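Novice: Just dropping this structure here.
The values are calculated or read from the model by the stated rules, or taken from the named source; none is laboratory data. Remember, predicted model here, so these are calculated numbers, not experimental data. No Cβ is skipped: glycine too gets one built from the backbone with ideal geometry, and neighbour counts run over all protein chains shown.
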Amino acid sequence: MRTNLNKKAAYAIAVVIAAAALYATSLESYVLFHSMAELFSIVIAAGIFVIAWNTRKFMPNAYLLFVGIAYLYIAFIDLAHTLAYKGMGVFPGADANLPTQLWIAGRYMEAVSLFVAPFFLGKKLRVVPVVIAYFFATALLLFSIHSGVFPDAFIEGRGLTPFKVASEYIISLILAGAIIYLRKKSEYFEKPVLNLLIWSIITTIASEMAFTLYKDVYGFFNLLGHYFKIVSFYLICAALIKTNLKKPYESLVHEIDERKQAEEKILKLNRVYSVISQINQTIVRVREKDAILSEACRIAVEYGKFRMAWIGTIDEETLLVKPVAYSGVEEGYLSIFKEISVDDVPAGRGPTGTAIREGRHYVCDDMEKDPRMALWSEEALKRGYRSSIALPIRHSGKVIGAFNLYASVPGFFDQEEIHLLDEVTNDISFAIDSIETAKKKMEAEEELRKYREHLEEMVKDRTAKLERMNRLFVGRELRMKELKEKIARLEKEGGKVS
């Protein structure tokens, strides 16, 4: 805002200096002042035509194109007026009447053009017929002045004629009508442009009023009228520049900026998507927790182009965050800060401790300005860290650590990227859960296998014992049978003897 004020002040000073210089010129030679003032207006009018003509294909409405064409011919009549001015000596024998007639002719053309121009708003302007029409109108006016048909406007010794004075009032009324007509078509203009056009017409009216009051072509009101004319032409030119040059240029710059931002946004998102894809592939391929955490950090730096990435987990005994994996430009950063706490203490109020304690991501948009980074900012900035995000990692729903990413520019992380990075840590958390579940399952299966083996051993042992006992029982039975048979034989043999 201060810069804008300085620019406006400098501009105002330049205008005052230019006006003062012109006035000083008029004191030395009014003819020189008149020539400079008119040539300045002529250059502006020619510039209006050049801008309008060369930007006609991009013009939002036909009003300024029509006015631009009109001002080319107005500039031509004003040039004739300048050359015919009293004291120039370009037209021998001509008095002050000729330049005054040319002045009135030019002002009529200007007033009528400004009154008619709003008619073409919202319509396609046929340029060639307009150029031809103005050519013949200009030729007709010049011919009428040269042939004496055009009424006298100034008589030496008497001053302005009634025709000249009346014409100035008629021209002013036409210009007032142009303002009314223009305001009715205000929807075709931006407010700043409309204001410039209206003030241009108002200063033209002021110029005409000044020219009704002078009696000497070198007088004060003649000088004042030329000041107003310069301002009027300048305001028209400013409106044209704002509409046909400044606004399209600003729109183009804005579009380029938006496109660059969109490209940067797409590039950043593609990097994050690459991180998600690579980490998910790692999760499918790798079944070791530590390996996944190390790979996640490597992928974040390699594919996400982060300055540094590290993962820390909570030490259950000390309740401090212990780095377990990192990648990128670390340069001893993690070894300097060994006591990152999860409690609400100064050492735990940084991004990592906050994310773990609150169970949600924490974004540091600018490490230099974020008060939570007070303990770490100096060392972080030395290593090129400018913004960061800490994302909680969970196991079975409980926060066990944080995934920390560092970017080399402030304000790197926006909502869409944060959402995607939240998904990344959710995937890592899911992988940890899966690995731990699989590990527990394997441990349970191993226990079950061992238990089965133990049962099998017990069964084998019991079976062997039963087999041994069975053999003992069978042997006993056989021996008993043999014994019974022997006893029976003996009894039988004893009976025969007796």
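Novice: Name the residues in region 111-135 that are closer than 20 Å to ILE179 by Cβ and either more than 42 Å from the chain's Cα centre (by Cα) or in a helix (DSSP H, G or I) (or both), would you? Spell out the reasoning first.
Specialist: Start the filter on region 111-135 by keeping residues that are closer than 20 Å to ILE179 by Cβ, which leaves 111-122.
Answer for region 111-135, where residues must be closer than 20 Å to ILE179 by Cβ and either more than 42 Å from the chain's Cα centre (by Cα) or in a helix (DSSP H, G or I) (or both): ALA111, VAL112, SER113, LEU114, PHE115, VAL116, ALA117, PRO118, PHE119, PHE120.
Novice: Give region 211-229 a look and list any residue that's crowded, with 21+ Cβ neighbours inside 10 Å and modelled with pLDDT of 75 or more, or say none.
Specialist: Matches in region 211-229: LYS229 only.
Novice: Could you please find all residues in region 173-188 being part of a helix (DSSP H, G or I), farther than 21 Å from THR212 by Cα and in contact (Cβ under 8 Å) with a residue 24 or more places away in the chain?
Specialist: TYR181, LEU182, LYS184, TYR188
Novice: Go through TYR11, TYR108 for me and flag whichever is of a type in the set (Phe, Trp, Tyr), assigned to a helix (DSSP H, G or I), within 29 Å of ILE179 (Cβ to Cβ) and modelled with pLDDT under 80. Explain how you work it out, then say what you get.
Specialist: Values: TYR108 fails: modelled with pLDDT under 80.
Just a single option satisfies the conditions, and that option is TYR11.
Novice: On the given criteria, is LEU79 at pLDDT 75 or above and within 25 Å of GLY148 (Cα to Cα)? Walk me through how you get there before you give the answer.
Specialist: On the way: at pLDDT 75 or above: yes; within 25 Å of GLY148 (Cα to Cα): yes.
The answer is yes for LEU79.
Novice: So, in region 396-419, exactly how many residues are surrounded by fewer than 16 Cβ atoms within 10 Å (Cβ to Cβ) and within 22 Å of VAL284 (Cβ to Cβ)?
Specialist: Kept after step one, since they are surrounded by fewer than 16 Cβ atoms within 10 Å (Cβ to Cβ), are these residues of region 396-419: 396-398, 408-411, 414-416, 418-419.
Now drop any that are not within 22 Å of VAL284 (Cβ to Cβ), which leaves 396.
Of the residues in that region, 1 qualify.
Novice: Kindly list, by first and then second residue, each pair from a residue in region 399-422 that is more than 19 Å from GLY384 (Cα to Cα) to a residue that is in a loop (DSSP other than H, G, I, E, B), limited to pairs with Cβ atoms under 8 Å and residues at least 6 apart or on different chains.
Specialist: Close Cβ pairs satisfying both conditions: VAL399/GLY359; ILE418/HIS361; LEU421/HIS361; LEU421/PHE413; ASP422/HIS361.
Novice: Please state which one of SER277, SER335, SER294 is among the polar types (S, T, N, Q), surrounded by 16 or more Cβ atoms within 10 Å (Cβ to Cβ) and assigned to a helix (DSSP H, G or I).
Specialist: On the way: SER277 fails: surrounded by 16 or more Cβ atoms within 10 Å (Cβ to Cβ); SER335 fails: surrounded by 16 or more Cβ atoms within 10 Å (Cβ to Cβ).
On inspection, the qualifying residue turns out to be SER294.
Novice: Given the conditions (1) farther than 25 Å from SER408 by Cβ; (2) in contact (Cβ under 8 Å) with a residue 60 or more places away in the chain; (3) more than 35 Å from the chain's Cα centre (by Cα), report the number of the one that ARG285 does not fulfil.
Specialist: Single failed check for ARG285: (2).
Novice: Oh, and also: Report yes if LEU65 is at pLDDT 85 or above and either in the same structural domain as ILE241 (by TED's automatic domain parsing) or assigned to a helix (DSSP H, G or I) (or both), otherwise no. Explain how you work it out, then say what you get.
Specialist: Numbers: at pLDDT 85 or above: yes; either in the same structural domain as ILE241 (by TED's automatic domain parsing) or assigned to a helix (DSSP H, G or I) (or both): yes.
In short, yes.
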